[in-house]
Amino acid sequence: MRDIIRALVTNHVLANVVLVMILVAGGIAMFSMHRQDLPELVFYEISIGVSYPGANPKEVEEGISRLIEPVVDGLEGVDTYHTFSGEGYSQVFLELEEGVDLDDVKSRVEQAVDSISDFPPEAREPNITVEKNIDEVINLALWGEIPSVRSRRGPNACAPSCCASPAFPWSKSRTCGPTKSAST
């Protein structure tokens, strides 16, 4: 390593040639790189959530989680699974093999979970969802006086019209409504 540094310090032409080679390689890499403004990320995960009101974690594990584990274990397309049993709720995360058809695996998971007949009667219907990536891109805050006509229509009457546009399917609008100041 010292010999390379010494050669670059003593030979200015070699140093400039190495610099130009690095710049050219960086330019080629920059223009050949695949870029997206908002890249689509696919998570190969499915979650199964079952609510069991009033049950402690041990009851949830025995009454819900241990019944789900055998039916998802070895299911085609499922790589690994992790189970969480808490106060009144069981959550099972399935990590899927890359490249599988998410809808196909979800339907097989739904069939497998629906085949369980031993859930406690107090347990709610299982909620099976495909995990999706929705990142927040921009946060826009608007404030000011609201005309009385709009305020009578409700707080969402002043929401930006882009929130209702099909061009922005994941947009959300939140309003805080009028605030009252406490007098001292």
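Just a few scattered comments:
- Between Val9 and Glu131, the modelled label-to-label distance comes to 5.1 nm, taking each label 7 Å out from Cα in the direction of the beta carbon.
- FRET efficiency for the pair Ser107 and Ala25, taken as 1/(1 + (r/R0)^6) with r the Cβ-Cβ distance and R0 = 41 Å, rounds to 0.30.
- The Ser51 and Glu98 beta-carbon pair, evaluated with R₀ = 22 Å, returns a calculated FRET efficiency of approximately 0.10.
- Only one residue of Ser51, His82, Val100 has its Cα farthest out toward the positive end of the dipole of segment 45-130, where Lys and Arg carry +1 and Asp and Glu -1 on Cβ, and that residue is Ser51.
- Separation in nanometres of the label points that stand 7 Å from Cα toward Cβ, at Glu122 and Glu76: 3.9
- Point-charge dipole on Cβ atoms (K/R +1, D/E -1) for segment 45-130, about Cα centre, debye to 20: 340
- Ordered by the number of other Cβ atoms lying within 10 Å of each residue's own Cβ, fewest first, Asp104, Asp37 fall into the sequence Asp37, Asp104.
- Amide H contacts of Ala55 (H built 1.01 Å from N, under 5 Å, at least 5 apart or other chain): Gly88
- Checking every one of the trypsin sites (Lys or Arg not before Pro) in segment 1-107 against DSSP loop status and a limit of 14 other Cβ atoms within 10 Å picks out Arg35.
- For segment 82-129, the set of GluC sites (Glu not before Pro) satisfying both a DSSP loop assignment and a count of at most 14 other C-beta atoms within 10 Å is given as Glu87, Glu97, Glu98, Glu122.
Every number here is computed from the coordinates shown, using simple stated rules; none is lab data. The structure displayed is predicted, hence computed values, not measured ones. Heads up, the Cβs are rebuilt from the backbone with ideal geometry, glycines too, and the neighbour counts pull from every protein chain shown.
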